[in-house]
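S.K.: Below are the structure tokens for one structure; questions will follow.
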């Protein structure tokens, strides 16, 4: 029976990943490409980003205002602008694209179909197990 649940969990996790890739910010780059099913079992799945997009947690959870200091250079610079030795970053608003993708999928007809397929598989397995027991 665990195999049935494991397939269901992987199906759900894969669909959440697909939704996350659709709604994640940044049309190009590693953030979208890197959303994956990291692990799964008959009980749970872990989805998210790997080391390819180490900044993903800052996008997903946001950041508080903070100070950025130059480490290996004399000044901070980006896109031809020089900012100085340190800058006050205003923080970033959270964009919980993984959570939003999970909620979107759970409220979709795709999840309803996945649950129906699971119920049918469990029912068929139970019927077959009962038939086997009756033959012995």
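S.K.: Within the stretch 6-47, count every residue that is crowded, with 16+ Cβ neighbours inside 10 Å, more than 12 Å from the chain's Cα centre (by Cα) and farther than 20 Å from residue 109 by Cβ.
M.R.: Within the stretch 6-47, residues that are crowded, with 16+ Cβ neighbours inside 10 Å, more than 12 Å from the chain's Cα centre (by Cα) and farther than 20 Å from residue 109 by Cβ number 2.
S.K.: Out of 128, 107, 72, 88, I need the residue that is exposed (fewer than 11 other Cβ atoms within 10 Å of the Cβ) and touching a strand residue (DSSP E or B) at 6+ places or on another chain (Cβ under 7 Å). Which one?
M.R.: Of the residues listed, the single one that is exposed (fewer than 11 other Cβ atoms within 10 Å of the Cβ) and touching a strand residue (DSSP E or B) at 6+ places or on another chain (Cβ under 7 Å) is 88.
S.K.: With respect to residue 9, determine if the residue is modelled with pLDDT under 95, within 30 Å of residue 126 (Cβ to Cβ) and in a helix (DSSP H, G or I).
M.R.: Taking the combined requirement at face value, the residue does not satisfy it.
S.K.: Let me confirm something: among 79, 93, which residue is out of contact with any helix residue (DSSP H, G or I) (no Cβ under 6 Å at 6 or more places or on another chain), more than 14 Å from residue 9 (Cα to Cα) and touching a residue at least 12 places away in the same chain (Cβ under 8 Å)?
M.R.: That would be 93, the only listed residue that is out of contact with any helix residue (DSSP H, G or I) (no Cβ under 6 Å at 6 or more places or on another chain), more than 14 Å from residue 9 (Cα to Cα) and touching a residue at least 12 places away in the same chain (Cβ under 8 Å).
S.K.: Could I ask something else about it? Could you go through the stretch 26-47 and let me know if any residue there is touching a helix residue (DSSP H, G or I) at 6+ places or on another chain (Cβ under 7 Å) and at pLDDT below 90.
M.R.: Yes, the stretch 26-47 has at least one match.
S.K.: Restricting attention to the stretch 25-44, which residues are within 17 Å of residue 100 (Cα to Cα) and either in contact with a strand residue (DSSP E or B) (Cβ under 6 Å, 6 or more places away or on another chain) or in a strand (DSSP E or B) (or both)?
M.R.: Those that are within 17 Å of residue 100 (Cα to Cα) and either in contact with a strand residue (DSSP E or B) (Cβ under 6 Å, 6 or more places away or on another chain) or in a strand (DSSP E or B) (or both): 36, 37.
S.K.: Also, quick follow-up: What are the residue pairs meeting all of these: first residue in the stretch 48-62, first residue over 13 Å from residue 34 (Cα atoms), second residue surrounded by fewer than 13 Cβ atoms within 10 Å (Cβ to Cβ), Cβ atoms under 8 Å, and 6 or more apart or on different chains?
M.R.: Pairs that qualify, where the first residue is over 13 Å from residue 34 (Cα atoms) and the partner is surrounded by fewer than 13 Cβ atoms within 10 Å (Cβ to Cβ), are 59/25; 62/91; 62/93.
The values are calculated or read from the model by the stated rules, or taken from the named source; none is laboratory data. Given the structure is predicted, the values throughout are model-derived calculations rather than measurements. Note that each Cβ is placed from the backbone with ideal geometry, even for glycine, and that neighbours are counted across all protein chains shown.
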